[in-house]
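Take a look at the structure below.
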Amino acid sequence: MKTVVTYGTFDLFHVGHIRLLKRLRELGDRLVVGLSSDDFNELKGKKSFFSYEERAEIVGACKYVDEVFPEHNWEQKLSDVKKYNVDIFAMGDDWEGKFDFLKDLCEVVYLPRTEDISTTSIKSTLASYDRQELEKVEQSLHDVIAVVKAMSR
Ligand code: C2G
């Protein structure tokens, strides 16, 4: 049983996230995701649109993901690799080289990011919409949550 682990905020879940998770799942037999807590996001200088609980529900409902656990700090990766019996640590290549210290414990892999999409770019595009259009988009986001909730029941 080959276990792959990755970490991230996964806010405003988009094709960049799903394409990464799909590729990560194909590296092994099980994929576990360390999902950044709201407090850790603050430490990373990020404010997510969805709460940890909502992001965990969405990422957890993804068919490529076997388990989601909270990422509270930078240091926990060392113990997580042991705790989840990890064979491969993998991230998008915007993190290239940043986690090579884990190479003593497991394989470390960086995969190419999906071009031309990011949570940040989604937010800035939305910020350019006028209030009325934004309300329409917000309603459809909540409709998506309702569908994901129904699917994950
Ligand atoms: N990603 C991607 N393609 C994109 C956007 C993101 O492949 N277009 C990948 C990132 O490289 C990362 C993962 O999706 O591996 C999650 O991205 P974020 O939610 O932005 O996570 P990040 O803030 O980079 O947190 O301890 C590590 C951190 O928690 C990583």
Selection from region 81-99 of residues that are open to solvent by 60 Å² or more (accessible area, probe 1.4 Å), in a helix (DSSP H, G or I) and more than 8 Å from the ligand (Cβ to nearest atom): K82, K83
Filtering region 33-61 for residues that are touching a residue at least 40 places away in the same chain (Cβ under 8 Å) and farther than 11 Å from T9 by Cα leaves a count of 5
Take the residues in region 30-45 that are more than 9 Å from the ligand (Cβ to nearest atom) and part of a loop (DSSP other than H, G, I, E, B); name whichever of them is nearest to T3 (Cα to Cα). S37
Filtering region 4-24 down to residues that are outside any loop (DSSP other than H, G, I, E, B), aliphatic (A, V, I, L, M) and open to solvent by less than 60 Å² (accessible area, probe 1.4 Å) yields V4, V5, I18, L20, L21, L24
Can L27 be described as outside the structural domain of K123 (by the TED database), within 10 Å of the ligand (Cβ to nearest atom) and surrounded by 13 or more Cβ atoms within 10 Å (Cβ to Cβ)? no
Would you check which residues across region 100-133 are charged (D, E, K, R), within 10 Å of the ligand (Cβ to nearest atom) and exposed (fewer than 15 other Cβ atoms within 10 Å of the Cβ) and list them? E115, D116
Conditions first: (1) open to solvent by less than 80 Å² (accessible area, probe 1.4 Å); (2) in contact with a Leu (Cβ under 7 Å, 6 or more places away or on another chain); (3) closer than 25 Å to D38 by Cβ. D66 passes all but one, so which condition is the exception? (1)
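The values are calculated or read from the model by the stated rules, or taken from the named source; none is laboratory data. Note that this is a predicted model, so its numbers are computed, not measured. Heads up, the Cβs are rebuilt from the backbone with ideal geometry, glycines too, and the neighbour counts pull from every protein chain shown. Quick note on the areas: whole protein, heavy atoms, side chains included, nothing else; ligands and nucleic acids left out. Shrake-Rupley method; radii C 1.70, N 1.55, O 1.52, S 1.80 Å.
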